[in-house]
Amino acid sequence: MFSWCNSIAWITLVGCLLFPNAVTLSLEKEQKTSISPDTSLANLPDGAYQLCTEPNPEDWRDGAGVCLNGVKKGKIIDGYYGSPHSGDFVCLRGKLSQDWLYGEGMIISWGEGTRRKIPQKNFYWDKEGRLNMSQGSLAHSDGIGENRVDWIIFKQASLNVGKLYLYPNPRMKSPTELCDWSFN
């Protein structure tokens, strides 16, 4: 007995037999979301980019893992590196060289958290060991007690941007919304 369901199943089967590469090409294109070893962020055209340590979650989240969200102009990046949906981020600006961003970083600290000593020696900001910073100094403070906000500048920052997943479009807040470098 003839049915539309059987017809659709046969058409799908014949299509897969005649055009097996169509499915493969589609899957390869979706999986190729990380920057390949022969391509670096430094070689991509100018524009806004989001790269994360985890693949694009393709859901409501702005990203997965720890992400670099930035605007690239030539070899210069102005952006931030941090965890989506959190206050954990470091503003970064600097120059790209292959898989590295070299420049300076800025942490904005709220409350009384900066009363401890600001690091001068090299330290890794993240558990992945991608962001290394040193030579910190207090650039500006505003408010007191719980209302205190400190802008801490690190004159040396280097971020390894190699082997990160390149998202189709930035999903996190724009760097201009979070990073105010006017105190530097």
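Values quoted throughout were computed directly from the atomic coordinates according to the rules given, and no laboratory measurement underlies them. As the structure is a prediction and not an experimental result, all values here were calculated from the model. Cβ sites come from the backbone with ideal geometry, for glycine too, and all protein chains shown count toward neighbours.
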Legend entry - Of Lys75/Lys117; Lys95/Lys127; Lys72/Lys117; Lys73/Lys121; Lys95/Lys173; Lys72/Lys121, those spanning more than 26 Å from alpha-carbon to alpha-carbon: Lys75/Lys117; Lys72/Lys117; Lys73/Lys121; Lys72/Lys121
Inset, instruction - Could you tell me which of rounded, prolate or oblate describes the range 81-184, using a ≥ b ≥ c as the square roots of the eigenvalues of the alpha-carbon gyration tensor, with rounded for a/c under 1.5 and, failing that, prolate when a/b is larger than b/c and oblate otherwise? - result: prolate
Legend entry - Test item: Cα-centred dipole of the range 105-184, Lys/Arg +1 and Asp/Glu -1 on Cβ, debye: 380
Inset, instruction - Identify the trypsin sites (Lys or Arg not before Pro) of the range 102-184 meeting these criteria: DSSP loop state and at most 15 other C-beta atoms within 10 Å of the C-beta. - result: Arg116, Lys117, Lys121, Lys127, Lys163, Lys173
Legend entry - Rounded FRET efficiency, nearest 0.05, which uses the C-beta distance separating Leu138 from Lys73 and R0 of 30 Å: 0.55
Inset, instruction - Starting from 0 in steps of 10 Å, tell me what percent of the Cα-Cα pairs of the range 123-184 lands in each bin. - result: 16, 35, 38, 10, 0
Inset, instruction - For Glu146 paired with Asn122, estimate the spin-label separation in nm (one decimal), with each label point 7 Å from Cα along the Cα-to-Cβ line. - result: 4.1
Legend entry - the range 57-184 - percent relative contact order, Cα under 8 Å, separation 6 or more: 24
